[in-house]
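One structure is given below, encoded as C-alpha cells.
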Amino acid sequence: MNMMNTRSAGGRSAEFLKRIVSNQTDKRREVNEALGRVFAAYLPTAYDRRLMEEIDWLLDSMVRELGGQPRVVTPEGMIRGGRALLVTGKAGAGKSRALAHAFATRPEFEGFGKPGEWCPLLSVVAPSPFTLGALGNEIARKLGYRGQREIPHSKVWPFVRELMAECGVRILHIDEAQHGDEIQSEKMAKEVENTLKRMMQEADWPIWLILSGLPELSRFCQNDDSMRRRVHVLHFDDLAFPDHAGSVLQTVRNLVALCPSVGCGEVLTPSFAHRLLHASTYQFGIVVEYVQDAIEECLMVEGGGELKLGHFADVYAIRTGAVDDDVNPFVADDWTAIPVEAALYEDVLDRRGAPTGVRKPKARRTKGAPE
C-alpha cells in the first residue's frame, strides 16, 4: 500500500468513526464516554516511583557515557557502553502499563507513540513463537523497514544496528522479553543474550535496554561478570491479603468515581477484596481489569446503578468460560480452593500447533454498546 492510499484509508476510517458517533443514542454516548474515562484511567502504585528512579539511573548513565567525557574501558579492553533495566513480575502485575505510562509522561521521551515524531525510545513486543531472527525483523519493521521478505537471520541484526543509529534511537524496550526462553537450545539462548550485549557495547552507537517480562527474565547477563553491574532489576511483587485489601477497595472507589451513575457501596468489604485478589491471582493489573470490566457490565446491562458481586461473577465467567457457580471465586462457597490461574491462561502454540510450554493470559472480551 503506498502512502497516498494509507492516508486515504486513514481518512475513511476517521469518517466511519464520526458516522458511528453521530448515530449513537444519548444512552450509548453517555455509556461510552464513561467507559472511555474508566479504561483510560491510570492508577499509580508504589512501583511508579521506583520505576521512575530506575529510568533516572538509565538516563544518567547515558549522560555519563555520551556526554563528552572520555569513554570508560574495562581491563579487558571492552567499552562499557549501555545499561539494561529489567522489569519483571508475573503476568498481570501491571508492568507493561506502568512502563507505557512512564514512556508517555517522561519529557525525555517526548514524541513516543506519536506517528511521524522522533523519539529516542523504541518499544517492541517480542514475537512468540520466538526466534532471534523474528525479533530482529520486528525491530526493523518498527524502524521503518518495508521490505516484502524477511531479512535473513545472519543479516538482520547488523541492519538493525544501522537503522537504530540512522533513526537516532538510543533506548530499546522489549516487552514479553521472556519469550527468548522458548528457545530450548542453551546455545541459542546464549546467542540472544550475546546479540543484545553487542548492541549495548557497540562502539559507534551503543544502545540502552529496557526488558520487561516474567520473573525468569532476571537471569539476563547474571552469569557475565562484566555485565552484571550494568543490569538493574525491578520486580513487581504479588499482592497479598489482608495487606493490600485497603488499596484494592480504593481502586474500586477510584474507578467507580469516574461513572456518576454507578455506586459501589455493596462491594466495599474485606471479604470482597479477598475474592477479587484471589480471582486476579494477586496481580494488580488484573484487579484493575476486573473492576473496569465489572463497571462495563453494570453500565451495559443495567445502564448504571449499584456495582454488585454478580457483575464480577459474570465478568469472570465470560473471561474464563467457567459458567458454573462452584468454580467462580466471586460466588462459590469454597472459593479459595479454585485454581483461577488455570482458568485465566492458555497455552502458547508453535507454528505446528504444539504447546510451547509458555502460557499467556486469555484475551479480554468486548461487548457492543446498548441501543
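Residue separation of Glu150 and Asp224 scaled by 0.36 nm, minus their Cα-Cα distance, works out to 23.5 nm of gained length.
With 23 Å as the limit, the listed pairs Lys95/Lys155; Lys90/Lys142; Lys27/Lys308; Lys155/Lys197; Lys27/Lys114 have Lys95/Lys155; Lys90/Lys142; Lys27/Lys114 beyond it between alpha carbons.
The smallest convex shape that holds all Cα atoms of the stretch 128-217, its convex hull, gives 97 Å³ per residue. In summary, the aspartates and glutamates within cross-link reach of Lys187, defined as a Cα separation below 17 angstrom excluding same-chain residues under 8 places away, comprise Asp224. Once the Cβ-Cβ distance of Lys187 and Lys114 is raised to the sixth power relative to R0 = 51 Å, the FRET efficiency obtained is 0.80. The equivalent ellipsoid of the stretch 239-353 has semi-axes of 24, 17, 14 Å, largest first, where each one is the square root of 5 times an eigenvalue of the Cα gyration tensor.
Each of the peptides 280-288, 222-230, 112-120 was scored by the mean count of other Cβ atoms within 10 Å over its residues; in descending order, highest first, they stand as 280-288, 222-230, 112-120. The orientation-averaged projection of the convex hull spanning the C-alpha atoms of the stretch 165-293 amounts to 11.9 square nanometres.
No value in this document is a laboratory result; all are computed from the given coordinates. Treat the numbers as computed from the prediction; the structure is a model and nothing was measured. Heads up, the Cβs are rebuilt from the backbone with ideal geometry, glycines too, and the neighbour counts pull from every protein chain shown.
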